[in-house]
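Read through the structure below, which is laid out as structure tokens, and then see the notes.
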Amino acid sequence: MGNVTARITTDKQAPGFWRVTLNHPPINTIDDQMYDEIFDLVEAIVAEPSLKVVTFESANADFFLAHYGVGESASRFGKPRWIEAATKLAHSNVLSIAVIRGRARGGGDEFALACDLRFASREKARLWSARGRFRHDCGRGRPRALALLGRARKGNRDRPRRRRFRCRDG
């Protein structure tokens, strides 16, 4: 594992602003290494007192973040700590912005929902969640847990609630 390239790069040139680029070619699938890097990044975001704004964007013009890549778990935590990282990011004092220029599917859609603001390109952005498509929670409750967190949820209170879907067996 010594020859593994980083999936996330952070540009910290402007004071109070970090620009985070997500890069896991060819389609930006989320794997355990990316989960670990996101967790470490969120820890750094929370620990930085002068930070005010963080933007997340993709190095790939066609994919913001794709689904979770299948394979053997290689997270140093044993099980990826995605919900914990997303909750910390949502409740931090930093404004988090997802800049979506491509497809955000599965975990990418969840990641965008965990951010305070989401800006999507009219030409290329495609958001897709398995929960809405198949009318059940594919991620064992993760989409429901991450539906909207923090400041994003506060702005969503005036909207009418959607009907909840029940899982269908068979």
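So the values come out like this:
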{"quantity": "Label point distance in nm, residue 23-residue 52, each placed 7 Å from Cα along Cα→Cβ", "calculated": "2.8 nm"}
{"quantity": "Pairwise label distance in nanometres, residue 13 with residue 119, each label 7 Å out on the Cα-Cβ vector", "calculated": "1.7 nm"}
{"quantity": "Cβ-Cβ FRET estimate between residue 61 and residue 83, R0 fixed at 30 Å, reported to 0.05", "calculated": "0.55"}
{"quantity": "Proxy reagent accessibility, fewest Cβ within 10 Å first, across 19, 7", "calculated": "19, 7"}
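Every number here is computed from the coordinates shown, using simple stated rules; none is lab data. The model shown is predicted, which means the values in this text are computed figures rather than measured ones. For neighbour counting, all protein chains shown are included, and Cβ atoms are generated from backbone atoms with ideal geometry for every residue, glycine included.
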